[in-house]
Amino acid sequence: MSLETRPVDSVRGMLDLNSQQAHAHAQVRHSLLAAFQLAGYSPIEVPLVEQADLYLRKSGAEIISKMYTFEDFGGRRLALRPELTASIVRYYLSNDQNLPFPLRYAYSGPVFRYEKPQRGRFRQFSMAGVELLGSDGPSADAEVIALACWTLKRLGVEKYRLVIGHVGILLELLGSLGLSSRLRHFLLDSMEDVGRPGRGLDYVRKRLEEIHPAQRTATPSDEMLPRSEDEARAALRASLQEMGIELSGSRPAEAIIGRMFQKQRATDEDERVERAFAFIQGLHNLRGAPGEVLERARAFLTEYGLGDESLSRLADVMAALAAYDIDETHVQVQLALGRGLHYYTDVVFELYDASGESQLCGGGRYNELVQSLGGRKSIPAVGFAFGLERLRLALEAQGAPLPTPPQTQVLVAAVSSSATHASMQAAQWLREHGVRAELDLRQRAVRAQISYANRRSVPFLLLVEQVAAKTDSGPVSSTGQAFRRNDGTETVTLRRLAEGTEQALSLREVVQVVNG
């Protein structure tokens, strides 16, 4: 087979939708956006292609490692958007910085990630969600979370599980340990792996050694050391002198002291990393019903010298959700929930289907993203996004009726070639009056028209014949003249295919019969 005739396959992980699936997808998208607008969130559109740096700054390794990036003809590094929150923030910075808060945005559209294709997971998929900018506090968190739950129920997904966590708890611990930025990011990325079946703490430790092999062996130059470390090295030198230890050998004394200091610092950092691992393991044990988990969590945080402001925030959010009639039996607190994105700073949440296996929605608070992407100052923000493909699968699994595409109501056919123009005019007149009319373009015989209509489940066949236009001197043959009045009084033959009966009707009468 030559290259010119060989079939071109679809790209792996990119999904084709048939007519029914495409219609159901569009209806789900429409329903989501309609629900968002009822809560005051206005739809906006952002580009499929953005500057790659928009996502490299705060998306985290989980997203960055799966981005589709490329260089355009102008030498710019671009990316197919892997998610939409950063794009919405970029839109705000470009267009709406002078508008009064709060700002409520809604959106929907495809995103791209190099995922491993499987059921409900594709490399091109669609998201629909909201972002609330300029409003802090548990009431704002509760509005967004409750909107996600209500939207899900409005679609017909009655059985779901809401999981709520707080990224700020781990951020506070990592800040108190004074770990490097690289290590903090690694631990944030790895938090959920610690409790994931088939992975666990040993897996994360091994991954740390692979990703940061020089973490415990690197010796920084004098220029790389901050002044506090210079002072620490001076103190180490003085201590060695007091103990009468002389530094000699082929290496300069300063290099030996630097090496000794680095080893001590590495040992100390190892201990702090292990403390962070122990903390993360403890967070994984803090999951379950809100009241019971929050009570145990306060004692746990006290052990690590941390305050309970984050837990108080969660308790306030839970109280606000009760005002939205969110059934607490649907809710689970999970303090090791990380969401895999570096821009989250506070409350995070996810919605799962009845099985608890498929994540339908995820979101949370990201109070620092606006400034990190060039904003004049930090702006409180919170939002979420649904995955449309997973939503459609969840609706199918729960037996919810999926919308079907509207079927053709009438097949319009010319009885003879001389009536071709008249059949075109009849089909167009019916469409303009709300009838879904398909025009026969192959000029088949009536028997073939009936067979085709039955195979396509079209209930009516409209047969159009050429008629003679009347003048004062008598009838005159004129192709299509009978339909140029365009007032619906033209006479045609309507065949009910189920009964096999025919009627001579005006087009206006056809509309009444077809629409019932």
Rg [Å, one decimal], Dmax [Å, integer] - segment 1-120, C-alpha atoms:
17.9, 63
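Place the peptides 446-452, 419-425 in order of packing, highest mean first, counting for every residue the other Cβ atoms within 10 Å and averaging per peptide.
Working: 446-452: 15.0, 419-425: 21.0.
Packing proxy ranking, top to bottom: 419-425, 446-452.
Where the accessible area of segment 264-397 is counted over protein heavy atoms with a 1.4 Å probe, how much of it, in %, is carbon and sulfur? Numbers along the way, then the final one.
Working: 2380 of 5400 Å².
Heavy-atom surface of segment 264-397 belonging to carbon and sulfur, 1.4 Å probe: 44 percent.
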Selection from Y107, P117, S87 lying farthest towards where the dipole of segment 81-150 points positive, charges on Cβ
P117
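DSSP loop (so not H, G, I, E, B), at most 16 other Cβ within 10 Å: list which chymotrypsin sites (Phe, Trp or Tyr not before Pro) in segment 315-376 pass both filters. Intermediate results must be reported in sequence, preceding the final value.
Numbers: sites: Y324, Y343, Y344, F349, Y352, Y366; in loops: Y324, Y343, Y344, Y366.
Loop-located and lightly packed - Y324.
For segment 72-157, rounded, prolate or oblate, judged on the Cα gyration tensor with a ≥ b ≥ c (square roots of eigenvalues), a/c < 1.5 rounded, else prolate if a/b > b/c? Show your work: numbers first, answer last.
On the way: a/c = 2.94, a/b = 1.14, b/c = 2.58.
Here segment 72-157 falls in the oblate category.
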Residue-level accessible surface for H330, protein heavy atoms, 1.4 Å, Å²:
50
Counting only protein heavy atoms with a 1.4 Å probe and every protein chain in place, the carbon and sulfur fraction of the accessible surface of segment 34-121 in whole percent equals 51
Order the peptides 7-16, 289-298, 185-194 from the highest to the lowest mean number of other Cβ atoms within 10 Å of their residues.
185-194, 289-298, 7-16
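Where only protein heavy atoms count, and the probe is 1.4 Å, what is the accessible area per residue for segment 5-86 in Å²? Write down the numbers at each step before the final one.
Working: 4780 Å² over 82 residues.
Counting only protein heavy atoms, the per-residue value for segment 5-86 is 58 Å².
Ignoring ligands, DNA and RNA, what accessible area per residue does segment 368-451 give at 1.4 Å, in Å²? Mind dumping the intermediate values first?
Numbers: 4000 Å² over 84 residues.
Using a 1.4 Å probe on heavy atoms only, each residue of segment 368-451 averages 48 Å².
Per-residue counts of other Cβ atoms within 10 Å, averaged by peptide: what ranking do you get for 499-511, 401-413, highest first? Numbers along the way, then the final one.
Numbers: 499-511: 14.5, 401-413: 17.2.
Final packing ranking: 401-413, 499-511.
The values are calculated or read from the model by the stated rules, or taken from the named source; none is laboratory data. Quantities reported herein were computed from a predicted structural model and do not represent experimental measurements. In this analysis, Cβ positions are derived from the backbone assuming ideal geometry, glycine residues included, and neighbour counts consider all displayed protein chains. Note: accessible area is taken over every heavy atom of the protein model, side chains too, but ligands, DNA and RNA are not part of it. Shrake-Rupley method; radii C 1.70, N 1.55, O 1.52, S 1.80 Å.
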